[in-house]
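Have a look at the structure below before the remarks.
Read-outs throughout are calculated quantities, based only on the coordinates presented, and are distinct from any laboratory measurement. Because the structure is a prediction, the values reported are computed rather than measured. Don't worry about glycine lacking a Cβ; one is built from the backbone with ideal geometry, like all the others, and counts go over all protein chains shown.
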Amino acid sequence: MNKFMSFVLIFSFLNISAEVWEDYEPSEEQVQLTVISVQPNYLDNYLVNLKRTWVRGMEIQKELGYIVDYGVWTSESANSPNVWLTITYENMAAMQPNKERYDAVNAEFEKRFGDDDEELDVISKGYEEIRSMIDSQIINRVKFNM
C-alpha cells in the first residue's frame, strides 16, 4: 500500500493533466450503443429476424443519408450480454427527432416491405420473449492528438 500511495503522491506533485482539444478531442460523430442479452439457443433466430426488421430500417436510413453507419456485434463466448447494436450519426443534431425523416423512412419501408407488415409485426413482438435490453448509451470516440 505504501508504494501505491507514493506513486499517487509523485504524480499529484507533477500535476500531470490532459487538456481537451490539446491532448485529445471528442469526435463529432455520435454512436448509439444498445446492449442486448439474447437467451441461449436463440441467437441465430434473433439475428435472422433482426435482419428482416431493424437492419432493413438501418439500410434505408443510411441510403437516405440520415445515419453514417450501423453495426451488429455478437460474442460467441459471452453468456450475457451477447449482442451489441450500434448506430453512428454524423453529430448530435442528426440524432434529434424529425418528422420529415421519420415519414420518409416509413414511406420507403412501406414501399419496399409493406407486403410483409403482419409478419414483421409478429417478429417484432416476439423479440420480447427471447431478449432483454440491458443498456443504451450515446458514446463518441476520442481522438488523441499526437
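Residue 146 passes all but one of (1) in contact (Cβ under 8 Å) with a residue 24 or more places away in the chain; (2) of a type outside the set (Phe, Trp, Tyr); (3) exposed (fewer than 11 other Cβ atoms within 10 Å of the Cβ); which number fails?
Unmet condition: (1).
Is it true that some residue in the range 64-77 is touching a residue at least 40 places away in the same chain (Cβ under 8 Å) and surrounded by 12 or more Cβ atoms within 10 Å (Cβ to Cβ)?
The answer is yes; a qualifying residue exists.
Identify all residues within the range 62-98 that are within 24 Å of residue 132 (Cα to Cα), over 14 Å from the mean Cα position of the chain (by Cα) and among the hydroxyl-bearing types (Ser, Thr, Tyr); write none if there are none.
75, 77, 80
Here are the criteria: (1) part of a helix (DSSP H, G or I); (2) loosely packed, with under 13 Cβ neighbours inside 10 Å. Tell me which single one residue 113 does not satisfy.
Residue 113 satisfies every listed condition except (2).
Working carefully through the options 123, 130, find the one that is surrounded by 11 or more Cβ atoms within 10 Å (Cβ to Cβ) and under 12 Å from residue 53 (Cα atoms).
Unique residue meeting the criteria: 123.
Residues that are under 30 Å from residue 18 (Cα atoms), of a type in the set (Ser, Thr, Tyr) and outside any helix (DSSP H, G or I): does the range 125-141 have at least one?
Within the range 125-141, one or more residues are under 30 Å from residue 18 (Cα atoms), of a type in the set (Ser, Thr, Tyr) and outside any helix (DSSP H, G or I).
Of the conditions (1) surrounded by fewer than 16 Cβ atoms within 10 Å (Cβ to Cβ); (2) touching a Phe, Trp or Tyr at 6+ places or on another chain (Cβ under 9 Å); (3) hydroxyl-bearing (Ser, Thr, Tyr), residue 102 satisfies every one except a single condition; which number is it?
(2)
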